[in-house]
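The values are calculated or read from the model by the stated rules, or taken from the named source; none is laboratory data. Please read all numbers here as calculations on a predicted model, not as lab measurements. Every residue, glycine as well, gets a Cβ built from its backbone with ideal geometry; the counts of neighbours run over all protein chains shown. Surface areas here come from the heavy atoms of the whole protein model, side chains and all, with no ligands, DNA or RNA. Shrake-Rupley method; radii C 1.70, N 1.55, O 1.52, S 1.80 Å.
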Amino acid sequence: MPSLTRRQMIAAGAALPLLTAPGLLAAAQQDVSELKDLTTGAQPIGPAERQARIARAQALMKAAGIGAVLIEPGSSLLYFTAVRWGRSERLTAAILPAEGEACIVTPFFEEPSVRESLGVPAEIRVWQEDEDPLALVAAFLRERRLDKLPLGIEETNRYFIVDGLQRALPGARIVSANPVVRGCRMIKTPAEIALMQLATDVTIAAYRWTHRRITAGMTPQDIAALMSAATRKLGGSNEWNLILLGEAAAYPHGTRKPQRVVPGEVVLMDCGCSVQGYQSDVSRSFVFGEPTLEQRKVWDEVAHGQQIAFEAAKLGVPAGSVDDAVRRYYTSLGYGPDYKLPGLSHRTGHGIGMDGHEPINLVRGEKTLLAPGMCFSNEPGLYLPGKFGIRLEDCFHMTDAGPKWFSVPPRSIDAPFG
């Protein structure tokens with residue numbers, strides 16, 4: 001799915017579970033009794049795997065000459081430490097040193113809660129409301145004799161942290177932690193891939209259940225209610241649904257105009273969920289009723305574009321070459337050129353894992369080489385402003401033998417879910 005915040009979805013009139021009609025949701029919840037939880041055997045990420053992640057990060061730090069990495073709450077903190085925490089003006093952060101145990105800096109009154117979720121051996125240092133938490137970070141680095149080495153900052157950290165560190169540790173060499181954090185997170189382990197596969201299985205099963213229940217006159221919110229109810233019953237959490245109907249499908253993130261299911265018009269569904277913190281992202285486009293010749297043509301072109309991207313995703317090639325291959329094909333059909341419309345106005349795909357969108361992207365100019373364990377969406381949609389759009393999205397992961405689908409793309413507009 002092209003990157004979209006919840007606020008942007010609301011502004012675009014996209015479907016969110018919170019907008020569901022209570023009566024329809026109640027009916028859907030009763031109807032989902034036939035569905036079974038697909039995730040009962042899911043194996044959460046355990047302490048041994050997190051320890052291995054830290055060991056990998058420390059090896060990458062040494063290779064890059066980085067003394068330590070600082071990480072704020074978010075998916076990277078969860079990835080390395082199992083600490084699930086929200087960001088606020090009160091700093092909680094992890095310091096991963098190139099050697100030895102990690103350190104968590106957190107407010108005094110939050111320490112019991114942080115310790116409760118901590119999944120790796122780590123020192124916890126607390127600060128009081130009248131103290132500077134970044135002074136604690138600086139003290140830790142000095143004690144470990146890391147203050148003269150470059151300090152890596154995780155790419156989503158907020159500026160006030162860098163600014164405060166430069167005051168607490170004058171002369172500190174602040175560098176990007178991307179070689180370390182991306183170097184770990186971009187390469188998924190079998191345990192991570194298994195959870196992503198489960199999340200995808202949930203989404204595909206929810207799609208099949210929902211598709212049979214779509215009727216004329218439904219709104220995006222109605223369809224989202226069905227999809228969310230099914231996803232939760234199947235074992236997915238944090239479900240999200242972007243539903244675009246008719247002309248709205250011509251705009252990747254929709255429109256403010258009212259939408260209803262109308263015979264002969266496109267239904268575009270871009271949905272996903274998480275299982276044990278790992279994401280799915282699957283899009284399907286179909287027509288409610290009989291497709292026109294033009295709708296069939298564009299759907300077939302997108303389906304072929306997906307296959308071109310999949311075949312171009314070879315080990316050792318730059319990620320951007322996948323996007324290039326798709327654009328050459330679309331240009332040969334008269335679309336574009338480049339990102340112009342009608343055509344493909346967004347990247348071919350994005351990284352995915354604990355976050356729905358992770359580095360790196362399948363986009364022009366991306367030089368990172370594809371390697372086993374990398375995971376991507378494959379969604380080279382075609383958008384015809386004023387008419388309709390078609391997006392088919394399935395994720396894949398790179399193996400030693402090349403790409404492997406998490407979900408198998410549909411073969412026909414008449415059978416969008418196989």
Go through region 171-197 and report how many residues are touching a Phe, Trp or Tyr at 6+ places or on another chain (Cβ under 8 Å) and open to solvent by 30 Å² or more (accessible area, probe 1.4 Å).
1
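Per-residue answers, yes or no, for (1) over 30 Å from Gly152 (Cβ atoms); (2) among the small types (Gly, Ala, Ser):
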position: Ile174; (1), (2): no, no
position: Gly183; (1), (2): no, yes
position: Val202; (1), (2): yes, no
position: Met218; (1), (2): yes, no
position: Ala229; (1), (2): yes, yes
position: Asn238; (1), (2): no, no
position: Ala249; (1), (2): yes, yes
position: Lys257; (1), (2): yes, no
Of the numbered conditions (1) farther than 17 Å from Ile95 by Cα; (2) in a loop (DSSP other than H, G, I, E, B); (3) of a type in the set (Ser, Thr, Tyr); (4) at pLDDT 95 or above, Thr156 fails exactly one; give the number of that condition.
(1)
Against the conditions (1) hydrophobic (A, V, I, L, M, F, W, C); (2) farther than 30 Å from Leu382 by Cα; (3) under 17 Å from the mean Cα position of the chain (by Cα), where does Ala139 fall short? Just the number, please.
(3)
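May I ask you to verify whether Glu239 is touching a helix residue (DSSP H, G or I) at 6+ places or on another chain (Cβ under 6 Å) and not in a loop (DSSP other than H, G, I, E, B)?
Numbers: touching a helix residue (DSSP H, G or I) at 6+ places or on another chain (Cβ under 6 Å): yes; not in a loop (DSSP other than H, G, I, E, B): yes.
When the stated conditions are applied, Glu239 passes them.
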Does region 92-100 contain any residue that is surrounded by 13 or more Cβ atoms within 10 Å (Cβ to Cβ) and among the charged types (D, E, K, R)?
no
Which residue pairs have Cβ atoms closer than 8 Å, lie 6 or more positions apart in sequence or on different chains, and pair a first residue in region 333-356 that is free of Cβ contacts under 8 Å to residues at least 12 places away in the same chain with a second residue that is open to solvent by 20 Å² or more (accessible area, probe 1.4 Å)?
Pro337/Thr331; Tyr339/Ser345; Tyr339/His346
Test Phe109 against the stated conditions and say whether it is open to solvent by less than 30 Å² (accessible area, probe 1.4 Å) and out of contact with any helix residue (DSSP H, G or I) (no Cβ under 9 Å at 6 or more places or on another chain).
no
Just one of the numbered conditions (1) assigned to a helix (DSSP H, G or I); (2) in contact with a Phe, Trp or Tyr (Cβ under 7 Å, 6 or more places away or on another chain); (3) open to solvent by 10 Å² or more (accessible area, probe 1.4 Å) is not true of Gly305; which one?
(3)
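Evaluate the following for Leu234: is it among the aliphatic types (A, V, I, L, M), more than 26 Å from Gly277 (Cβ to Cβ) and open to solvent by less than 10 Å² (accessible area, probe 1.4 Å)?
no
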Glu247 vs (1) open to solvent by less than 10 Å² (accessible area, probe 1.4 Å); (2) within 20 Å of Asp414 (Cα to Cα); (3) of a type outside the set (Ser, Thr, Tyr); (4) in a helix (DSSP H, G or I): all pass except (1)
Take region 250-282 and flag every residue that is surrounded by fewer than 21 Cβ atoms within 10 Å (Cβ to Cβ), at pLDDT 95 or above and of a type in the set (S, T, N, Q).
Gln276
